[in-house]
Amino acid sequence: MAQGPAVTVNLTGMRFSSATPLFGALDFSVAAGEVVALIGPSGIGKTTLLRMIGGVERGFEGAITVGGQPAHLAPPSGFVFQDARLLPWLDAAANLRAVRPDLTDAQISASLDRVGLPGQERAFPRQLSGGMQRRLGLARALAANPGLLLLDEPFVSLDPAMVRDLRAVFHAVFQQQNPTVVLVSHDPDDAAHLADRVILLAGRPATIINSFPLGPADPKRRLGAILAAQKEPGS
Amino acid sequence: MAPRGNGTRLEWLSLPLLLLIWQVAAMVAASRFLPSPLVVAGEIADLVIRGHMLADFGQTLSRAVAGFVIAMLLGGVLGFLLGRINTLDRLFGPWVLVGLNLPAIVVAIICYIWLGLSEVALILAVVINKTPLVTTTIREGVRSFLPEYEEMAAAFRLPLLRRIRLIYLPQLMPFVMTAARTGLSLIWKIVLVFEVLGSDGGVGFRVSIFFQYFDMAGILAYTSVFVAMVMVFEHGVLRPVERRVVRWRRDQP
């Protein structure tokens, strides 16, 4: 069973062109094998933060480490984008090999089986439904790095049935692989279903207004706890 | 809209219809300045057996292919660089514009004056005429790259060669095909003009000789074979390549 690297984030600021910094002081860590959800309203900078952890965005003040290394020098993470962002000119197998060229046919079949896409090796992305494309995106992320998953709004724009199915797939993967996961979402329900701990972001510049473990309760209770914390940040 | 099968049958009827109109026009005109398709067919056979037709077409084809390949490679690299590096584009973009507006015949004359009536001068003139067109098309292709794929490549740390092969080239292929098609149609024509202007062989050179004798059968014989060659290239090479390149777009539910 894979166990991913720990992630530490210690930001003192980040500016784009505007005078107001995107982030205030942000200091948090994600333990190896932990699933942490960053929850906050749209436009607050959650995706940017995820890109920074993934080593894609480097224009910030502070330090972000993955497994003890600066994020941009660490091995690639298993990034799952808001849109599946598959390469439409490659079939499913080739999309996986794009990030891991050494995968054997058997490994690709096993990867697709794991996310509920058996026998879809030769399918092009446009031949797959939205939910299936997200599954393929997850398979690609797992192929790139089964130890660290960075999930950027993985359920956005899907219908409720697809969200339910896809959450089950993610849950099963988390159980089997025990990866370190940073999940970014505007929807507390995503965190209630998947996360071990929640970090609430708010304000401009964005700061952490609350951080708390979710415990083993059922998703409805967990959702209630998150909503309560959003209403009373200091609690 | 006509059914696809019906449309295909109409396409097959198109050329015979043209030949029929030509035949009728030749019969009505009854002039040596408009020989019939049958006469031209006989002339083709005669020129192949006893004339220079094969050698001329070989020469023209080799010049066109050389000019095409060099211009595609050069224009491809330049277009990629100008599309990716803004400073280069600002510095050399106006040169491309100048190149696009240079009259082909002037370029050929200058090349012939500087380098003499040689193969190198002719091919260089073709390359100078064609390269700006390829550069512009490829530059547009590079500018249209989707940043989402760039971000994906950065997130998964894809090495440069894999990015080129899996991300840049597939996005560029429709533009490469456009550059190839427009470029070829241009090259076929300017090679012939340059051969008329200064060459000791080739289709253009031979047609200019026929022109001096008002030999319409010879002119139409060369023209017919030339058009046939271009169409064989279009259907035998370009279209199959294009079908393969855009295969992923057609494989939809």
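Observations
- Pairwise centroid distance, computed over Cα atoms, of the stretch B:25-47 with the stretch B:204-253, Å: 21
- Accessible surface ranking for B:Val225, A:Val99, B:Val196, B:Val237, 1.4 angstrom probe, highest first: B:Val196, B:Val237, B:Val225, A:Val99.
- Cα convex hull, the stretch B:102-226: 129 Å³ per residue, rounded to a whole number.
- Taking all C-alpha pairs of the protein assembly as shown, those more than 35 Å from each other amount to 53 percent.
- Neighbouring Cβ atoms from other chains, within 10 Å of the Cβ of residues in A:46-57, number 2 on average.
- Proximal lysines to A:Lys46, defined as alpha-carbon separation beneath 23 angstrom and excluding residues fewer than eight positions away on the same chain: A:Lys231
- Among beta bridges that DSSP assigns inside the protein assembly as shown, antiparallel share in %, nearest 5: 55
- All-pairs alpha carbon distance profile, chain A, 10 Å steps from 0, percent: 8, 33, 36, 19, 4, 0
- Dipole of chain A, positive end: most advanced residue of A:His72, A:Thr48, A:Gly224 [Cβ charges, Cα centre]: A:Thr48
- Under conditions of 37 °C and 0.692 mPa s, the stretch B:1-75 yields 205 µm² s⁻¹ as its translational diffusion coefficient, taking Rh as the Kirkwood radius over Cα pairs in the Stokes-Einstein equation.
- Rounded to the nearest 10 degrees, the angle from helix A:160-177 to the longest Cα principal axis of chain A is 90 degrees.
- Theoretical ellipticity at 222 nm over the protein assembly as shown - DSSP helices of four or more residues, -39500 (n - 2.57) apiece, nearest 500: -19000 deg cm²/dmol
- Expressed as a fraction of 2.2 N^0.38 Å, the C-alpha radius of gyration for the stretch A:87-144 is 0.94.
- Prolate/oblate/rounded label for chain B (Cα gyration tensor, a/c 1.5): oblate
- Kirkwood hydrodynamic radius (C-alpha pairs) into Stokes-Einstein, the stretch A:109-235, 10 °C and 1.306 mPa s, D in µm²/s: 101
- Across peptide A:139-147, the average count of Cβ atoms from other chains found within 10 Å of a residue's Cβ is 1.
- Fully extended contour minus Cα-Cα distance, from A:Ala63 to A:Phe212, at 0.36 nm per residue: 51.4 nm
- Using C-alpha pairs below 8 Å separated by at least 6 residues, the relative contact order for chain B is 26 percent.
- Counting, for every residue in A:84-90, the Cβ atoms of other protein chains within 10 Å of its Cβ and taking the mean gives 5.
- Summing Cβ point charges (Lys, Arg +1; Asp, Glu -1) relative to the Cα centre of the stretch A:87-144 gives a dipole of roughly 220 debye.
- Those lysines that a straight Cα-Cα span of less than 27 Å connects to B:Lys189, excepting residues fewer than 8 apart in one chain: B:Lys130
- Helix axis angle, B:216-233 relative to chain B longest principal axis, alpha carbon, degrees: 30
- Projected-area average for the stretch B:212-253 over all orientations - Cα convex hull basis, square nanometres: 4.0
- Remark: accessible area buried at the B-A interface is about 2200 Å², both chains counted, probe radius 1.4 Å.
- Reduced Cα scattering model of the stretch A:1-133, Debye log10 I(q)/I(0), q = 0.16, 0.18 Å⁻¹: -0.96, -1.09
- Protein heavy-atom accessible surface, 1.4 Å probe, per residue over the protein assembly as shown: 49 Å².
The values are calculated or read from the model by the stated rules, or taken from the named source; none is laboratory data. Keep in mind that what you see is a predicted model, and the values were worked out from it rather than measured. Note that we place each Cβ from the backbone using ideal geometry, even for glycine, and neighbour counts take in every protein chain shown. We work out accessible area using only protein heavy atoms, side chains counted, and drop any ligands, DNA or RNA first. Shrake-Rupley method; radii C 1.70, N 1.55, O 1.52, S 1.80 Å.
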